[in-house]
Amino acid sequence: KILITGAAGQLGSELTQALGNLFGGDNILATDINEGAREKFPYCHFEVLNVMDSERMLELVKKYEITQIYHLAAILSATGEKNPLFTWKLNMDSLLSVLEIAKNENLDKVYWPSSIAVFGTNTPVDLTPQYTAMDPNTVYGISKLAGELWCSYYNEKFGVDVRSIRYPGLIGYKSLPGGGTTDYAVDIYYKAIEGKTYECFLNEDSYLPMMYMADAIKATIDLMQAPKEQVKIRTSYNVSGMSFSPKEIYQSILKHYPDFKIEYKPDFRQAIADSWPNSIDDSHAREHWGWKPTYDLAKMTEDMLQNLSIMLEK
Ligand code: VAH
């Protein structure tokens with residue numbers, strides 16, 4: 001059975017559904033901090049879990065005979081900057097609890113997401129390599145970089161089969177993002193369909209690595225299903241679907257909504273975006289476990305607008 005933390009989050013909502021489809025809802029225990037999330041998961045078990053409560057997490061692992069943990073709960077880049085020490089504590093203590101439980105309860109596998117936020121202002125920005133200078137200057141990025149090293153440590157010292165992907169910005173229509181710097185790339189589609197002008201919190205040329213949620217889910221499941229010996233990197237894999245700027249995603253939407261307007265009003269998130277890469281070299285993921293993106297910007301925009309207009313009945 002699989003325990004998922006942060007199941008109601010942007011990635012969690014879709015990954016929980018995909019894992020339910022793959023393994024059957026009866027084998028999935030979705031957990032999140034808010035009780036309200038329960039109605040999202042009629043097809044599987046749901047329990048409220050504050051990931052800071054390691055005793056409770058261990059209790060659920062024993063009660064449901066958990067063999068894998070997908071630890072997705074974390075505070076993201078933008079929100080993290082508002083409460084640095086709490087963000088560090090939540091992101092790190094919860095990961096260490098999961099790794100300790102995986103070691104002591106001899107779990108089969110653990111999944112833990114990292115991010116391109118582990119890169120910083122001294123990292124080469126174009127086709128950022130798998131191995132390179134990493135000087136993150138957000139608490140979120142610092143916690144993800146430290147977390148990667150802890151994952152590698154628990155794998156090397158205790159044989160914990162923990163696997164990880166450095167996600168770029170994730171874009172999907174089934175769930176809203178929460179507190180990230182790349183959230184603009186989801187918000188913009190909603191505004192286009194609602195016929196409103198989009199006020200973008202990054203400037204028009206902020207080029208960032210991005211990925212359609214369908215590709216992120218596929219990459220995650222492909223990595224987790226790969227034979228152990230193929231997973232040669234135990235910090236976290238560079239993976240990317242595409243790269244674009246606010247201007248480019250705006251232009252891809254114009255093709256469908258010719259009257260759509262945008263204004264650029266950069267805020268504190270501009271500095272975070274400026275510290276991140278423009279594009280990512282994901283050749284190791286391609287070589288080791290066959291990663292290959294399906295969606296480019298045009299295809300993503302078509303799929304997003306089609307599904308959102310149905311969802312929003314526009
Ligand atoms: C964030 N969506 O913006 C997350 C992600 C690369 C971006 O880590 O914080």
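The values are calculated or read from the model by the stated rules, or taken from the named source; none is laboratory data. Keep in mind it's a predicted model, so treat the numbers as computed, not measured. Note: ideal-geometry Cβ built from the backbone for every residue, glycine included; neighbour counts use all protein chains shown.
At a glance:
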| item | result |
| --- | --- |
| Filter pass, MET224 being crowded, with 17+ Cβ neighbours inside 10 Å, within 15 Å of the ligand (Cβ to nearest atom) and at pLDDT 95 or above | no |
| ALA117 under 30 Å from GLU105 (Cβ atoms) and touching a Ser or Thr at 6+ places or on another chain (Cβ under 8 Å) | yes |
| Residues of the range 251-281 classified as touching a Ser or Thr at 6+ places or on another chain (Cβ under 8 Å) and either hydroxyl-bearing (Ser, Thr, Tyr) or without any contact (Cβ under 8 Å) to a residue 60 or more places away in the chain (or both), total | 4 |
| Qualifying residue in the range 30-44 (condition: surrounded by 21 or more Cβ atoms within 10 Å (Cβ to Cβ) and under 27 Å from TYR184 (Cβ atoms)) | yes |
| Selection status of ARG234, closer than 21 Å to GLU148 by Cβ, of a type outside the set (Val, Ile, Thr) and either within 16 Å of the ligand (Cβ to nearest atom) or at pLDDT 95 or above (or both) | yes |
| Residues (more than 18 Å from SER164 (Cβ to Cβ) and touching a helix residue (DSSP H, G or I) at 6+ places or on another chain (Cβ under 8 Å)) located in the range 86-120 | THR87, TRP88, GLU105, GLY120 |
| Whichever residue in the range 275-295 is loosely packed, with under 14 Cβ neighbours inside 10 Å and charged (D, E, K, R) and, among such residues, is nearest to ARG234 (Cα to Cα) | GLU287 |
| Which numbered condition GLN230 fails, given (1) under 22 Å from LEU127 (Cβ atoms); (2) in contact with a helix residue (DSSP H, G or I) (Cβ under 6 Å, 6 or more places away or on another chain) | (1) |
| Filtered residues of the range 87-124 (kept if within 16 Å of the ligand (Cβ to nearest atom) and surrounded by fewer than 16 Cβ atoms within 10 Å (Cβ to Cβ)) | THR121 |
| Residue tally, condition surrounded by fewer than 18 Cβ atoms within 10 Å (Cβ to Cβ), among the hydrophobic types (A, V, I, L, M, F, W, C) and either without any contact (Cβ under 8 Å) to a residue 12 or more places away in the chain or within 16 Å of the ligand (Cβ to nearest atom) (or both), over the range 135-164 | 1 |
| Hits in the range 187-212 - residues which are away from the ligand (no atom under 13 Å from the Cβ) and hydrophobic (A, V, I, L, M, F, W, C) | ILE188, ALA192, ILE193, CYS200 |
| Residue check for TYR184: more than 21 Å from MET92 (Cα to Cα), crowded, with 19+ Cβ neighbours inside 10 Å and more than 15 Å from the ligand (Cβ to nearest atom) | no |
| Any hit, the range 237-253, residues being more than 13 Å from the ligand (Cβ to nearest atom), touching a strand residue (DSSP E or B) at 6+ places or on another chain (Cβ under 7 Å) and among the acidic types (Asp, Glu) | no |
| Residue satisfying all of: in the range 165-181; part of a loop (DSSP other than H, G, I, E, B), under 11 Å from the mean Cα position of the chain (by Cα) and within 8 Å of the ligand (Cβ to nearest atom); farthest from TYR237 (Cα to Cα) among these | PRO177 |
| Neighbours by Cβ (under 7 Å, 6+ apart or cross-chain): first from the range 55-79, closer than 22 Å to ARG163 by Cβ; second among the basic types (Lys, Arg) | TYR64/LYS1; GLU65/LYS1; ILE66/LYS1; THR67/LYS1; GLN68/LYS109 |
| Among the residues listed as ILE249, ILE262, the single one being crowded, with 17+ Cβ neighbours inside 10 Å, touching a Cys at 6+ places or on another chain (Cβ under 7 Å) and not polar (S, T, N, Q) | ILE262 |
